[in-house]
Each structure stands twice: as C-alpha cells, then as structure tokens.
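First up is the structure itself, then whatever we jot down about it.
The values are calculated or read from the model by the stated rules, or taken from the named source; none is laboratory data. As the structure is a computational prediction, the values presented were derived from the model and not from experiment. Cβ atoms come from the backbone with ideal geometry, glycine included; neighbour counts cover every protein chain shown. All accessible areas refer to the heavy atoms of the entire protein, side chains included, with ligands and DNA or RNA removed. Shrake-Rupley method; radii C 1.70, N 1.55, O 1.52, S 1.80 Å.
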2 protein chains.
Amino acid sequence: MNRTMTALAALSLAFPAQAKTLPAPMTLEQAADDALTGDKVAWDFVEGITTEVGPRQAGTEAEARGRAWAVQWLKANGFKNVAIEPYMMPTWIPGEPGRAEIVSPFPQRFAVAPLGTSASTGPEGITAEVVMFATVADLQAAPAGSLKGKIAYVSNSMTPTQDGSQYGFAGPTRWVASGIAASKGAVATVIKSVGTDNHRNPHSGGTTFPEGVTPTPAGALSNPDAANLERMFKRAGGKPITMKLVLTPQDLGQTESGNVVGEIVGRNPSLPPVLIACHLDSWWQGTGAIDDGAGCAIVAAAARNVGFAGQPLRTIRVLFAGAEETGLWGSKAYSAAHVNEPFAVGLESDFGADRVWRFDSNFRETNPALHKRIALAVARFGVSGGTDAAGGGADLNVVRDQKGALVDLQQDGTRYFDLHHTPDDTLDKIDPVQLRQNVAVWTQVVGMLAGEATSILTGGPVPTAPPMMQGK
Amino acid sequence: MNRTMTALAALSLAFPAQAKTLPAPMTLEQAADDALTGDKVAWDFVEGITTEVGPRQAGTEAEARGRAWAVQWLKANGFKNVAIEPYMMPTWIPGEPGRAEIVSPFPQRFAVAPLGTSASTGPEGITAEVVMFATVADLQAAPAGSLKGKIAYVSNSMTPTQDGSQYGFAGPTRWVASGIAASKGAVATVIKSVGTDNHRNPHSGGTTFPEGVTPTPAGALSNPDAANLERMFKRAGGKPITMKLVLTPQDLGQTESGNVVGEIVGRNPSLPPVLIACHLDSWWQGTGAIDDGAGCAIVAAAARNVGFAGQPLRTIRVLFAGAEETGLWGSKAYSAAHVNEPFAVGLESDFGADRVWRFDSNFRETNPALHKRIALAVARFGVSGGTDAAGGGADLNVVRDQKGALVDLQQDGTRYFDLHHTPDDTLDKIDPVQLRQNVAVWTQVVGMLAGEATSILTGGPVPTAPPMMQGK
C-alpha cells in the first residue's frame with residue numbers, strides 16, 4: 001500500500017489530472033490499477049476473435065474476416081481513424097492435414113504439420129529412407145549429395161526458458177534445416193517440433209530455402225512422435241527406417257492482406273504518436289489466442305484505458321499488423337507507407353499473455369530520467385527495470401527503420417513454446433489474471449509515454465522528422 | 001528401514017526361501033524392493049510395444065501385430081505356455097480423420113474424433129443446426145421428435161479425481177447420449193470429450209445405440225473446441241449454429257482378434273493359478289501407452305520378478321486380453337473358454353502407470369488374515385489397505401463369472417483422463433518412477449497370492465471346482 005501511495009505521489013507530478021466531468025477524475029495510475037483487478041476489455045477482444053473468427057492464416061479470407069472483426073471492435077470501443085491499409089503478399093496455405101507414416105520396420109502414423117513455404121509432396125506422397133541428424137550443425141556437415149533420395153530428420157530439442165531465449169537455440173532447426181537438406185539432395189525434411197510440450201500437436205511455422213535451392217516438402221513432427229522415431233532408430237538395429245510423407249500445401253501467388261489501425265487521438269495530434277503493435281494473423285492450426293490475439297487485446301485495452309483516464313497529450317495508434325507469421329509482410333508494408341511519418345516510440349505485445357516481468361527500453365542512456373520514471377511506475381506490478389537494449393517486436397519495422405525509441409515489456413515465456421504455432425493455441429490457455437497484469441503494465445507505460453511532451457529518445461525537444469531523416 | 005526389516009521378518013514366515021544356486025537366494029520382498037529402484041522390464045515392454053507396434057485397434061491387423069509382438073516378448077522373457085487364443089468379433093474402424101466445422105455464424109474448424117460404433121456421415125458429411133444440452137438428463141427430457149434434423153451436443157464436463165470416480169459421472173455423455181439423441185430424431189451427436197485435459201485432442205471411446213434405434217454419426221470434440229462452441233452459443237444471440245460433420249467409420253463385420261496368455265509355472269500346477277490381466281488393444285489415436293500398454297508391462301514384469309525370486313507355489317498366468325475397448329470381446333471369449341477352469345484369484349492393471357495408493361480385495365471378510373497380511377506387506381510402498389470390495393478389471397469376466405477372489409490395486413487416476421483415449425496416450429506420459437512403484441507393489445502382491453496354499457477367497461482348503469460350480 002505504501003509503495004502504491006509513493007508511486008501515486010510521484011506520478012501526480014508527471015500527470016496532472018485531466019479535466020473531466022463524469023465520472024470523478026481518474027489518474028493514469030488508477031486506470032492501471034483498475035485494469036489489474038478488473039479489466040474485461042482485453043478478454044473481450046481475445047475471446048471474441050478466437051470465437052467469432054478463429055484461425056487467421058495470412059493472405060486468406062480468414063485473415064480478412066479478422067480485419068473486418070477488428071475494425072468493428074475498435075470502432076465499438078471508441079477508437080478513431082480506424083482503417084484497413086491493404087497490401088499484396090505471396091500467400092502459402094497448408095492444404096489438407098499432413099500425414100507421416102513409418103512404412104517399415106515399425107508401421108505407424110505420426111502427427112505432422114507442413115512448415116510455411118514447404119513444397120507439396122502431391123497427394124500420393126513421398127516414400128523414402130529417413131536419415132537422422134542431432135543438430136543443424138551435423139546436417140550442415142553432411143557431404144554434398146549425401147542425402148540424395150532421403151528424408152532428412154533433425155532431432156534438436158528445445159528447453160523452456162522464461163525469456164524465450166531457447167527459440168534462438170532451437171529455432172534454426174525449423175528456419176534453415178530444410179534448405180540445407182534440400183541443398184544436399186534430400187527429397188524432404190522432417191524436424192522435431194520447435195516447442196517445449198509433449199502433446200501430439202506439431203508446431204508449424206515458416207521455413208526457408210536459400211536462393212537457387214528448389215523448395216522441398218518440409219514438416220514438423222509432434223514431440224512425442226519425434227521421440228518415437230528416435231526410439232525406432234535405436235530399436236531398428238541399423239535397418240533403414242522408411243517414411244511416407246504426404247504434405248499438400250499450395251502457393252496461391254499474390255493475394256491481399258492488410259494492416260488495421262485505430263487511434264486514441266491526443267490533445268496535440270501534431271506530436272509524433274505512440275505506436276503500439278501486435279499482429280492479427282495466426283497460423284492455421286490454433287485460433288491465434290496467445291499468438292497473437294492476446295497481444296492485440298493487450299495493446300488495444302491499454303490504449304482504451306489510457307483514454308478513459310483522460311485524453312492523452314500524444315495520439316496513441318494501435319497497429320494490428322497483418323501477415324507477421326509468413327514473413328512480416330504487414331510490418332514491411334507499414335514501414336514502406338509510413339517511414340516518413342515520425343513516431344515517438346514503438347512497443348509490441350507478441351509473446352502470449354503471461355506476466356510482464358521486466359521493462360527494457362533503448363533510451364536508458366539517452367533519456368535516463370524517463371527510463372527510470374517508467375521503471376519506478378511499473379515496479380508495483382512486479383516488473384523490474386532491465387538493462388537490455390529494447391529491440392522492439394517484429395511489427396515495428398517502421399520505428400526500427402526510423403531508428404526511433406523502443407520499449408520492450410518482457411513477458412514470462414516459460415510455457416509460451418508449449419503452445420506456439422500449435423492447434424493448442426486456444427483461449428483456454430490464457431490466464432485471465434496474468435492477462436490483466438499485462439493490461440495494467442501496458443496502461444501505465446503507454447499512458448506515461450503518451451504524456452511525454454519532450455522527445456522520448458533523447459529527452460530533448462520533439463524532432464520534426466524521424467531520427468533517420470536527421471542522419472542519426 | 002525398520003519398517004522394511006519388520007516386513008521382511010514377517011514375510012520370511014510365509015515364504016520360505018526357494019532353493020537356488022546362483023545368484024544368492026532372493027526373497028519376494030527383495031524382488032519387490034529391487035523393482036522399486038531398478039525395474040527395467042516394464043519399461044522395456046511398454047517402450048517396445050508403443051515404438052514397434054503403436055496403436056492396436058481391436059480386430060485389425062495392428063492388433064494382430066501387437067499379439068505377435070507380445071508372444072515374442074513373453075517367450076524372450078522366460079514365460080512358458082505362451083499362446084494366442086483367437087476369437088471372432090465385430091470390428092469397427094474409424095476411417096479417415098474426422099472433420100467438424102462451424103458453417104455459420106462463425107466459420108472455423110473443430111477437432112473431432114468418431115466414437116466407437118458411430119455410423120458414417122459419408123464423405124460428403126452432414127450439415128445441420130446444433131442443439132445444446134447441458135447434461136444427458138436434459139437430453140433425455142427433450143420431447144420425442146424434437147431433434148429431427150438436428151445435431152445434438154452435450155456439454156457435460158469432467159473433473160479430475162484421484163480414484164477416477166468422475167468417469168461414472170461424465171462417462172454417460174459418451175456411452176448413451178448419441179443413442180438418446182438418435183431416438184429423438186437427431187441426425188448426429190457431438191459431445192464434449194469425456195476427459196480432463198485442455199488439448200486439441202478429442203477423447204474417443206465407444207458409444208451405444210439401444211435396440212431398435214438406428215446408429216447415427218457420433219463424435220467427440222476436443223475440450224477447447226467444445227468450449228469454443230459453447231461461447232459461440234453465447235455470442236450468436238439466438239442465431240442458429242450450423243455444423244458440418246464428416247465422420248467416415250466403417251463396420252468390417254466379423255474379424256479375428258485374440259487373447260495372449262503366458263505362464264510362470266508354479267511348483268504345484270494342479271493348484272488354481274493366479275490370473276493377472278491387462279488388455280493389449282488400444283484405440284487408434286494414441287499408441288496405447290497408458291491404456292493399456294503400461295498395464296501389460298506391469299503385470300508381466302511382476303510375474304517375471306516373482307519367478308526370479310524363486311518358482312512360486314501356484315502358476316501365475318498373464319492374460320493380455322484383446323478387444324477390451326470395443327466391448328470386452330477378449331474378456332468374454334476368455335470366460336467362455338475357461339470358465340470351468342478354477343482360478344485362485346484375478347487382478348488387472350488398466351488405469352495407467354501412476355502410483356498404486358490403495359489395496360482392495362473381495363475377501364477382506366472371508367479371508368481377513370490374508371487381506372491383512374497383504375495390506376501390511378504393501379504399506380512400505382505407500383499403499384493403504386482399503387475397505388471397498390474389489391470388483392476386478394474389465395478383462396476378468398472369467399473370475400467374476402466364477403464368483404472368484406479379486407484384488408484391485410488402485411492407482412492414482414488424477415491425470416489418467418487427461419490422456420485416456422486421446423492421441424496423447426504416448427510413452428512420454430509414463431513416469432518411470434511411478435511405473436516402478438506399480439511393479440514393486442504388483443510383485444509383492446502377486447508373489448504372496450501365488451504362494452498361498454489355501455483358498456484365497458476363504459482361507460480354507462483349495463476347492464476343486466470354481467465357486468460358481470459349487471453353487472456359491
């Protein structure tokens with residue numbers, strides 16, 4: 001209670017109470033505290049979009065339904081200047097549910113999902129011997145041509161980490177193994193899912209093929225199936241393990257996608273706005289609850305809560321980016337269209353809905369007073385001040401391209417990769433209590449940033465052009 | 001340590017050391033204690049059958065491969081009189097993976113699995129309005145003919161229970177709802193999975209249609225999908241929810257299944273044997289690890305451990321029953337063939353591989369000394385003596401039909417119904433430490449029962465005919 005009162009006193013200097021008539025004036029701090037105990041807005045968003053829209057694969061009609069739904073929701077929740085900004089993108093769809101079966105020596109079926117940009121096996125499938133590699137490095141070390149006619153399998157595992165850092169360790173198995181295997185003659189690649197759960201739900205996600213390498217079929221096995229395949233190698237006594245793989249994804253060529261934006265308009269709209277982002281698209285298997293319906297729910301609820309505490313100085317713009325999963329097409333399109341429009345700062349929520357535990361910025365050294373003030377203000381929610389330089393989320397290309405200010409509100413990712421890109425990314429995985437803590441922290445931080453009269457990056461006068469246009 | 005020494009002393013009276021040369025004589029108690037810390041036999045069985053065979057749907061070639069594998073394993077592990085006892089049974093197979101999709105007002109796909117004995121929708125599927133019922137009782141109360149042309153949905157939920165007793169509460173949703181709905185004109189039925197998890201893995205299992213009611217298509221939705229459907233009803237504002245359901249199971253008519261038996265032959269084979277059972281078949285979605293590969297692993301390892309401690313007085317017969325899941329066909333066939341052969345006692349393991357926590361028998365009042373002796377002997381493994389009358393597992397029809405002695409070693413079922421009948425019934429769900437505790441308890445109990453010279457049911461002289469043939 002003391003801590004709250006102290007923080008309240010500190011904040012009252014920074015945020016003079018807004019002129020309001022009804023209800024009684026509310027401080028930003030009160031709005032954040034109310035979010036912690038009672039926010040219903042974020043839940044309404046993520047419950048709504050997962051129930052009424054469901055999966056939102058980039059470039060498809062399902063993503064378009066997601067945009068229409070989001071526009072309606074933003075308008076109903078008091079956002080202004082709500083718009084869809086369309087762009088074209090190359091669209092890949094997964095086709096029929098994948099099938100992987102061991103033909104010999106131990107016939108049984110495995111759960112498999114195609115990876116984004118995977119080629120099709122055709123409905124008749126591919127049957128070939130499986131060659132196992134423990135790591136991408138081992139695969140890379142295989143002699144040229146040595147995988148001719150084989151299916152490569154990479155068994156690298158992922159360990160849960162609070163900061164999500166094992167994605168960097170395990171991710172390459174998905175990101176590059178199929179391209180490497182194809183370059184050595186493999187007819188297809190299967191990987192252990194890049195994920196930390198033990199359910200029969202493969203983790204999808206994008207893979208890549210280097211220039212000049214023809215894409216091959218590529219799929220992820222669920223972790224229990226991957227473990228079974230590895231046991232088969234031990235039990236086969238050197239006999240070849242033969243797999244039949246059926247993956248039927250399709251490239252649809254260029255289709256329309258789009259970003260959705262909306263604003264809580266500030267008292268001084270000529271000041272660069274605060275940009276808060278998430279992505280609206282999801283892979284097809286789940287309903288896009290934690291990735292990233294929750295992120296859109298959090299940023300939208302925070303913006304709305306800040307507005308509810310009184311009109312902020314700066315405009316807060318929400319960016320529900322499209323087509324993040326399949327190549328940041330929305331982020332790139334948004335930067336291409338808006339890079340000459342200065343933004344005050346960018347923040348993104350795209351790591352589920354579990355608790356925020358650390359605040360990072362990229363202005364800790366250039367505007368230490370603001371960094372410290374924010375750190376103090378979120379301490380009451382259990383959020384520590386970090387020393388990492390914030391890099392911003394995937395949909396903040398525009399701010400990165402401007403070399404602008406960034407904030408990262410680090411979330412607990414311990415169970416994120418249990419669910420990431422799986423059929424299990426559904427509403428029931430969101431803990432309403434932790435979701436509300438996110439909204440509270442975001443309300444506090446976004447409100448403070450939107451109240452800053454001076455440059456967030458430097459603490460100096462607000463620049464009239466993005467930093468990149470000033471040669472920084 | 002004291003407790004162990006006391007128990008050892010007590011046991012040494014009941015079980016004179018067997019004459020052995022190498023290694024040094026081992027008591028039954030030592031064999032059980034060794035199993036607790038180091039048993040590898042049960043793991044070898046369940047790892048082997050899930051890896052080398054996988055799912056074993058009753059009546060199919062996969063179940064036949066399971067029998068062949070089990071015969072080989074039993075022989076390799078020193079069992080005698082290993083045999084397959086075939087029988088014919090009506091076989092139902094699930095067909096292609098099921099599909100359920102909401103057509104309007106909120107189009108998206110749900111995960112669904114057909115229920116055993118479900119009719120086929122045909123590949124074109126059935127599209128109809130969904131009518132929701134909270135319980136089977138509500139469905140039962142619907143007026144005759146009121147479901148004409150509709151798909152019935154029952155939303156009853158299941159709570160985890162240590163003793164598994166909520167299966168009796170939630171189970172009827174699967175067992176009888178589709179028959180009731182069909183009798184009221186429904187064209188199909190979908191239910192919330194009878195299960196306690198929140199993964200996109202529907203729980204399959206059998207359903208039934210009363211005489212005179214034509215079977216309709218019937219499926220289980222995964223719990224997250226069921227929750228989504230229920231939210232749709234709330235958000236639809238009275239608009240009809242329309243579902244397209246595609247389930248393509250097939251009845252194959254009579255096919256061959258079989259029971260597998262093997263023995264640790266006793267010193268006095270004329271005494272009625274101890275019968276320890278499990279079932280070898282599984283539903284098709286998982287690999288039959290907890291249901292019931294683990295059960296077969298536990299009973300087989302226990303029998304082998306008892307034999308390793310010295311030839312028991314009575315023969316121990318393992319019964320790996322076939323076709324339990326689809327209607328106890330193996331259990332019925334075994335009783336039909338063997339009901340005139342007296343059994344000393346029956347025990348079954350068919351509730352996963354989590355810890356045994358209670359010992360029950362049906363001779364606590366008729367042979368209290370033995371009941372008490374067993375309870376004392378398993379106390380060191382954390383197993384309490386219970387007062388429930390043991391009913392025996394599903395595959396012990398022969399002993400029930402004989403009105404014979406039964407023992408139940410109650411396992412912790414808290415997480416059993418997270419996995420039961422799902423794709424997630426895989427090896428990784430088995431905790432090796434708890435599996436070993438099962439083997440230890442079973443070794444102790446089976447060894448004691450096999451050492452009993454007098455009637456297990458009464459403590460009196462061993463009868464020469466089954467109790468049912470003596471008018472009991």
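Along its three principal directions, the equivalent ellipsoid of the stretch B:362-464 from the Cα gyration tensor extends over semi-axes of 28, 17, 12 Å, largest first. For the stretch B:372-377, the Karplus equation 6.51 cos²θ - 1.76 cosθ + 1.60, evaluated at θ = phi - 60°, returns couplings of 5, 4, 5, 4, 5, 6 Hz by residue, with Gly and Pro reported as x.
Considering the rotation that superimposes chain A on chain B, the residue of A whose beta-carbon lies nearest the axis, and that distance in Å, is A:HIS199, 3. For A:PRO269, the label point sits 7 Å beyond Cα toward Cβ; its separations from the matching points on the remaining copies run 9.6 nm, from shortest to longest. Only Cα pairs under 8 Å and 6+ residues apart enter the sum, and on that basis the relative contact order of chain B stands at 22 percent. Counting from the shortest, the label point at A:GLY171, 7 Å from Cα toward Cβ, is 4.8 nm from the same position in each remaining copy. Averaged over the residues of B:108-119, the number of partner chain Cβ atoms lying within 10 Å of the residue Cβ comes to 2. In this structure, the amide hydrogen of B:GLY219, modeled 1.01 Å from its nitrogen in the peptide plane, lies closer than 5 angstrom to those of B:LEU115, B:THR189, B:VAL190, B:ILE191, counting only residues at least 5 positions away or on a different chain. DSSP beta bridges confined to the protein assembly as shown are antiparallel in about 55 percent of cases. Note on A:LYS239 and A:SER165: the extension gain reaches 22.9 nm, defined as 0.36 nm multiplied by sequence separation minus the Cα-Cα distance. Taking packing as the residue-averaged number of other Cβ atoms within 10 angstrom, the listed peptides A:74-84, B:226-236 run from highest to lowest as B:226-236, A:74-84. Counting from the shortest, the label point at B:PRO160, 7 Å from Cα toward Cβ, is 1.3 nm from the same position in each remaining copy.
On a per residue basis, the convex hull of the C-alpha atoms belonging to the protein assembly as shown measures out at 196 Å³. One Cα centroid belongs to the stretch A:140-188, the other to the stretch B:217-261; the line between them spans 37 Å. In this structure the amide hydrogen of B:SER384, modeled in the peptide plane, comes within under 5 Å of the amide hydrogens of B:ARG358, B:PHE359, none closer than 5 places in sequence on its chain.
The fraction of accessible area contributed by carbon and sulfur in the protein assembly as shown is 57 percent, rounded to a whole number (1.4 Å probe; ligands and nucleic acids excluded). In plain terms, if you count all Cα to Cα distances in the stretch A:151-306 and split them into 10 Å steps from zero, the share in each step is 9, 27, 30, 19, 10, 4, 1, 0 percent.
Accessible area per residue for chain A is 36 Å², calculated with a 1.4 Å probe on protein heavy atoms, without ligands, DNA or RNA. Annotation for the stretch A:372-405 versus the stretch B:414-472: alpha-carbon center distance of 59 Å.
3J(HN,Hα) along the stretch A:260-277: 10, 10, x, 9, 9, 6, x, 5, 10, x, 7, 6, x, x, 7, 9, 10, 10 Hz, from the Karplus curve 6.51 cos²θ - 1.76 cosθ + 1.60 with θ = phi - 60°, whole Hz, x for Gly and Pro.
Length, then width, then depth: along the principal axes, the Cα atoms of the stretch A:122-183 run 41, 30, 16 Å.
Using 0.36 nm per residue of separation minus the Cα-Cα distance, give me the extension gain between B:GLU365 and B:LYS80 in nm, one decimal. List each step's numbers first, then the result.
On the way: separation 285, 0.36 × 285 = 102.60 nm, distance 3.45 nm.
Extra length available between B:GLU365 and B:LYS80 comes to 99.1 nm.
The H on the amide N of A:TRP92, modeled in the peptide plane, is under 5 Å from the matching H of A:LEU252, each at least 5 residues off or on a different chain. Once B binds A, the 1.4 Å probe can no longer reach about 2800 Å² of accessible area, counting both sides.
Taking a ≥ b ≥ c as the square roots of the eigenvalues of the Cα gyration tensor, the stretch B:326-416 is classed as oblate, since a/c reaches at least 1.5 and a/b does not exceed b/c. Please work out the C-alpha center-to-center distance from the stretch B:293-369 to the stretch B:38-92 and express it in whole Å. Comparing the Cα centres of the stretch B:293-369 and the stretch B:38-92, I get a distance of 16 Å. Shielding of peptide B:422-435 by partners, expressed as the average count of other chain Cβ atoms within 10 Å per residue Cβ, is 3.
Beta carbons within 10 angstrom, averaged per residue: use that to sort the peptides B:251-264, A:181-194, highest first.
Details: B:251-264: 19.9, A:181-194: 25.3.
Descending packing order for the listed peptides: A:181-194, B:251-264.
Once you average over the residues of B:216-226, how many Cβ atoms of partner chains fall within 10 Å of each Cβ? Let's see the in-between values first.
Working: counts 0, 0, 0, 0, 0, 0, 3, 2, 11, 3, 0.
For this peptide, the per-residue mean of nearby foreign Cβ atoms is 2.
What the phi angles of the stretch A:362-370 give under the Karplus curve with 6.51, -1.76 and 1.60, with θ = phi - 60°, is a coupling list of 9, 10, 4, 8, 8, 9, x, 5, 5 Hz, glycine and proline written as x. Shown for the stretch A:227-263: residues covered by the partner protein chains by 40 Å² or more of accessible area relative to the chain by itself (probe radius 1.4 Å), namely A:ARG231, A:ARG235. Take the Kirkwood radius over Cα pairs of chain A, plug it into Stokes-Einstein at 4 °C and 1.567 mPa s, and you get 56 µm²/s for translational diffusion. Among A:161-167, A:196-202, sorting by the average number of other beta carbon atoms lying within 10 angstrom of each residue, highest first, gives A:196-202, A:161-167.
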